[in-house]
Each structure stands twice: as C-alpha cells, then as structure tokens.
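Reading through the structure tokens given below for one structure.
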Amino acid sequence: MKEEHIESAAVERQSIKDTVASNLDVIAAIVGGLILVLHLLGVVLGPPADLEQTVDKLTAGNSATLDHFENTRFDFAGHTAKIDAAKVEVEGGWSKLPDQKVAAPQWITYPEVLVAQVKAGESNEIEFRAPEDVGGEAKFGANVVTWNVHQDNNVPISGFKIMRKTGGGKLVELDRVGTDVFEYEDKAVKAGIEYRYRVIALTDEPTVVDQVPESPVSEPISVMAIADFKIELVSTDRGKNTAVFDVEKYHDESWPKKRFTVKVGAVIGEKDIGSGVDFATGRILKNLQQSKVTETKPREEVVFDEAGKVVVKDGSPVTTSVQIEETAVIVTVRLEEGGLPPRTLTDPNREILSSKEKR
C-alpha cells in the first residue's frame, strides 16, 4: 500500500478585532437585515416593548456598525406616518366600490354624570328611558296630560316633547316644554273627539346629544275631549216653535250663565258683548216634538190614623211610598251638530192628563 503524506502549511491566525474589521460589511448587512425584519413587523404589529433594548444588545460596542447605517433603529414617528398613509390609501379606495358602504364605528363618549357614577361604583350604562306615569284628564275646553321622569334615567334632561294623535291620524309633535314642566294643557281640542298622547324626553348634554338626542316615546294615553259648555232646557213653546235654554260657559275658571230663546234651526247661544264671554255652543235646535206618555212614579204620602189625624213618630210625620200612574203630554227637543253626538232634552213642564194610585 502506498502511503501518502499531506503536509499542511502553517496558517497565520488573525485577531478577533482584525476579523471583525475585515468583515464589517457582512456584519452590517446581517444587523441591517435584522433591523429591517423588525421594522416590517413593526409596521404590521407595532413596535415590540423591548425593541430598544434588543437593538442596544446587538450593537453594543460596535459603533462602526451604527455609523455605517446611521443609527437605523425603529422610528416610532416613521411607523405612525406609514400607518396613516396606509389608512388614506385604503379609505381612498372605498369610493371605487359604489355597492359597498363601510360604516364607521360609533363610539359613545359618556357625560360627566356617568363618569361620576363609575367613580362611585355605579354602572356607566346610558339609561335614557321614556317618561313614565303618563296620565290624561278631560276638562271643560281642554285635555290635561301629565308625566314623570323615568326613575332609571341617568341622562340630563333639557325638556319634553308632547306628541298627539287625533282619531285615525298620524302621531305628530304638538308642543315642547321645559325641564321642570310635567303637565301640559291642550286647549286645541273639540268635544266628542278622542285624542291619544305620548311624551318624549329631550337632552342637550354635549357628550350624548349627537347620539341619543331624545328618549323613546312613552306609553300612550287616550283622552276623550268634553265640551266647555252646559245646556239646560228651561221651557218650550210649540205655537212659536221656540225653546228657552240656559247656557253655562267655562270662562276664566268660572261658569257664567245666560238665557237664550232659540227658534228651530238656529244655533244655541252667542257671544255676550258686555262680558266678552262667548256663549256660542255650535249646537242647533233641530226640532220640537210633542207626545203623550204614561209613567209610573213613586210618591211619598202621609199616613193618617182612624181618627183622621197624621201619625207622628219621633216628632216627624210618618209617610208611606205609593206608586202613581201618570199620563201626561210632554215636549222633547233634539240638539245636533257642534262636534257632538245628537242629544234629546225633555221640557220639565208637562201637561198632566191623569194621575192615579196604582194598586
């Protein structure tokens, strides 16, 4: 077997410092590549918390590398600028998609009162509830609506909006009132018509008004309007085809009265020039009708003893109830129009034809 000998020449060794210096470009390239990777990750994910410390460790004691790359460690301002530029580019592309609309998220900023609730350990949930305890009452010439602030409401209230629906119509705004008003008098009503009311709370709280300027509508309340006048039949005259009425009109929280003689077909009442009270009712005397009726009525009669003297008990005469059958001629009048259903009144003055005790 042939044996071969390989002689190796002595290799001159270099110091570490000389090695680094001779390979400066390679080391700089490696560090630069690492920083580039970190930079790209930063654009996507944002800068890691320990980025500064990492770069310091990698470049510690090697000022030449830093000088070569002019300190290329992560720049937060540059990162932010890149993100903003990307947003502009993306948002600019939205207009090119007419069939796709991107809805921006809506963030609610809570008012100071809610922040105070959080500090006090309470919920900061916005509670803008509809007014509660809504009530209604029909008064002469007006409907009165009342309400209260909902007990769970925590949004500052600037006022209330009164809504009204007439008959089968739509719900429309009637009026607005202030913060400390909890009653509304609706005088624009007609007797015999049903009105439905709802109330909405309003706010002008700067941190809420742009998102929830008003509460939901309250539960409805229905009120049937009644007339602001009263009509009483006093007498009739069939020969003259007239009737006499007493009209009471609600005026300045009182009930002034005036008597009117009205012909068939005419309106009952008119404005009184002297007092300024408008007694016009809008009701028309439609007709007068005469008829004969037989009615049975109870009547109290004094009790007599066998001697014909009045029986007395505890100082008072003793009475007994008897049934009386009475036949009489009566006159009725019919009232129509004025926004109210037809009504029939009976003349209190009647002609008695016969009267006897019913046994």
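Within the range 187-196, the only residue that satisfies the criterion of being part of a strand (DSSP E or B) and either in contact with a Pro (Cβ under 7 Å, 6 or more places away or on another chain) or of a type in the set (Lys, Arg) (or both) is ARG196.
Say whether the condition of being assigned by TED's automatic domain parsing to the domain that holds GLY159, acidic (Asp, Glu) and free of Cβ contacts under 8 Å to residues at least 40 places away in the same chain is met by at least one residue in the range 238-253. No, the range 238-253 has no match at all.
Filtering the range 222-268 to residues that are over 40 Å from the mean Cα position of the chain (by Cα) and at pLDDT below 90 leaves nothing.
I'd like to know if the range 241-249 contains one or more residues that are under 30 Å from ARG198 (Cα atoms), surrounded by 15 or more Cβ atoms within 10 Å (Cβ to Cβ) and in contact with a strand residue (DSSP E or B) (Cβ under 8 Å, 6 or more places away or on another chain). The answer is yes; a qualifying residue exists. Filtering ILE273, ILE324 for residues that are in a loop (DSSP other than H, G, I, E, B) and modelled with pLDDT of 85 or more leaves a single hit, ILE273.
Residues that are at pLDDT 85 or above and aliphatic (A, V, I, L, M) within the range 327-348 comprise ALA328, VAL329, ILE330, VAL331, VAL333, LEU335, LEU345, listed in sequence order.
Does the range 79-95 contain any residue that is assigned to a loop (DSSP other than H, G, I, E, B), modelled with pLDDT under 70, of a type in the set (A, V, I, L, M) and over 26 Å from GLU173 (Cβ atoms)? The answer is no; no qualifying residue exists.
In the range 269-289, which residue that is farther than 17 Å from GLY141 by Cβ and within 41 Å of the chain's Cα centre (by Cα) is surrounded by the fewest Cβ atoms within 10 Å (Cβ to Cβ)? Of everything passing the filter in the range 269-289, GLU270 is surrounded by the fewest Cβ atoms within 10 Å (Cβ to Cβ).
So that you can scan it fast, the table gives a plain yes or no per residue for (1) under 26 Å from PHE260 (Cβ atoms); (2) touching a residue at least 40 places away in the same chain (Cβ under 8 Å); (3) among the hydrophobic types (A, V, I, L, M, F, W, C):
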site: SER291; (1), (2), (3): yes, yes, no
site: VAL310; (1), (2), (3): no, no, yes
site: PRO317; (1), (2), (3): no, no, no
site: GLN323; (1), (2), (3): no, no, no
site: GLU326; (1), (2), (3): no, no, no
site: GLU336; (1), (2), (3): yes, yes, no
site: LEU345; (1), (2), (3): yes, yes, yes
site: ILE352; (1), (2), (3): no, no, yes
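Elements of the type strands (runs of 3 or more DSSP E) sitting completely within the range 197-252 and holding at least 2 residues that are within 30 Å of GLY169 (Cα to Cα): these cover 221-224, 229-237. Restricting to the range 130-165, count the residues that are over 17 Å from ALA201 (Cα atoms) and touching a strand residue (DSSP E or B) at 6+ places or on another chain (Cβ under 6 Å). Total meeting the criteria: 7.
The values are calculated or read from the model by the stated rules, or taken from the named source; none is laboratory data. Keep in mind it's a predicted model, so treat the numbers as computed, not measured. Here the Cβ is made from the backbone with ideal geometry for all residues, glycine too, and neighbour counts use every protein chain on show.
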